[in-house]
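This report concerns only the one structure given below.
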Amino acid sequence: MTNKTEIFLSIDVETSGPIPGEYSMLTLGACNVDYPNQTFSCEFKPISDKADAKAMEVTGLSLERLAVDGTEPGVAMTRFRDWVQKVAGDHGTPVFVGLNAPFDWSFVNYYFHRYLQANPFGFAALDIKALYMGATGCCWGDTRSSRMAAHLQPKSKGDHQALHDALYQAELFNLVRQLASRRDGH
C-alpha cells in the first residue's frame, strides 16, 4: 500500500432540490483546504425543470438563466475531475470535505457517475459537522454552521454562493482541525 498525501478539497453545491436525479445541481464551488487560492467554480445547465421553491429562493438562481448560460453537466464534471486531478497531483489522494457532506457528496457523486462513470473521490466524504462533534463532544444539534461559527470565530461567512461557501467551509475545517490538535496535545 502506498502512502499518498491526503489533499483535502472543500466542496459546496447549490441545487434545485433535495435529491440528485430528480433535481439539478446548479453550482459547484471547490477549493484546496491548505491552499485556498486553488479554486474551481461552475454553473450547470439544469437536468430537469423540477425545482423546490425554497431551494431556489435560497440560491437566488434561475433555472431559465442557467438553461442558457450554464455549462453542460458532462463538460462541467470533466473540468471538475481534471481540476481535482491537477490539484491532487500524482502523489495525492483527493478527499471530499463538506459541511453536511452527505448532501453535497450525493449530488457530486451522482453527476460524476452519470456523466463520467467514475468519482475521483471514491465512495466517501469527510463531514465537517461530524468532525466538529467528535472534536468538541457536542451534541448533533450544536453542529449547525451558526453554532460552529460562534464557537470557532471564522473570519469569513457563508452566503449560499458555492465558491464562497467552499472557502468558508475550508476555514471551518482548518479551525476544527486546530481545535482537535490542541485537545490531543499536538
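The values are calculated or read from the model by the stated rules, or taken from the named source; none is laboratory data. Just so we're clear, the structure is a prediction, and the values are computed from it rather than from any experiment. All Cβ positions, even for glycine, are placed from backbone atoms using ideal geometry, and neighbour counts span all protein chains on display.
Observations
- For the stretch 9-29, the set of residues classified as within 9 Å of the chain's Cα centre (by Cα) and charged (D, E, K, R) consists of Asp12 only.
- Hey, Asp127 among the acidic types (Asp, Glu), touching a residue at least 12 places away in the same chain (Cβ under 8 Å) and within 30 Å of Leu152 (Cβ to Cβ) or not: yes
- Within the stretch 95-108, the set of residues being surrounded by fewer than 23 Cβ atoms within 10 Å (Cβ to Cβ) and part of a strand (DSSP E or B) comprises just one member, Val95.
- Any hit, the stretch 150-157, residues being in a helix (DSSP H, G or I), in contact with a strand residue (DSSP E or B) (Cβ under 6 Å, 6 or more places away or on another chain), among the aliphatic types (A, V, I, L, M) and surrounded by fewer than 20 Cβ atoms within 10 Å (Cβ to Cβ): no
- The requirement of being surrounded by fewer than 16 Cβ atoms within 10 Å (Cβ to Cβ) and of a type in the set (Gly, Ala, Ser) is fulfilled nowhere in the stretch 166-178; no residue meets it.
- Scope the stretch 57-88; condition in contact (Cβ under 8 Å) with a residue 24 or more places away in the chain and under 12 Å from Pro120 (Cβ atoms); matching residues: Met77, Thr78, Phe80, Arg81, Trp83, Val84, Gln85, Val87, Ala88
- Answer residue from the stretch 64-116, given it is aromatic (Phe, Trp, Tyr) and under 21 Å from Glu171 (Cβ atoms) and is farthest from the chain's Cα centre (by Cα) among those: Trp83
- Of all residues in the stretch 76-94 being among the charged types (D, E, K, R) and assigned to a helix (DSSP H, G or I), the one that is nearest to Gly141 (Cα to Cα): Arg81
Matching residues to (1) within 19 Å of Leu9 (Cα to Cα); (2) not aliphatic (A, V, I, L, M):
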site	(1), (2)
His91	yes, yes
Val97	yes, no
Tyr111	yes, yes
Arg114	no, yes
Asn119	yes, yes
Asp127	yes, yes
Ser145	yes, yes
His151	no, yes
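- Here Asp142 clears all of (1) over 21 Å from Phe40 (Cβ atoms); (2) touching a residue at least 12 places away in the same chain (Cβ under 8 Å); (3) surrounded by 15 or more Cβ atoms within 10 Å (Cβ to Cβ) except the condition numbered (2).
- Selection within the stretch 6-47 - in contact with a helix residue (DSSP H, G or I) (Cβ under 9 Å, 6 or more places away or on another chain), more than 12 Å from Val108 (Cα to Cα) and either assigned to a loop (DSSP other than H, G, I, E, B) or modelled with pLDDT under 95 (or both): Ser16, Gly17, Pro18, Val33, Asp34, Tyr35, Pro36, Gln38, Lys45, Pro46, Ile47
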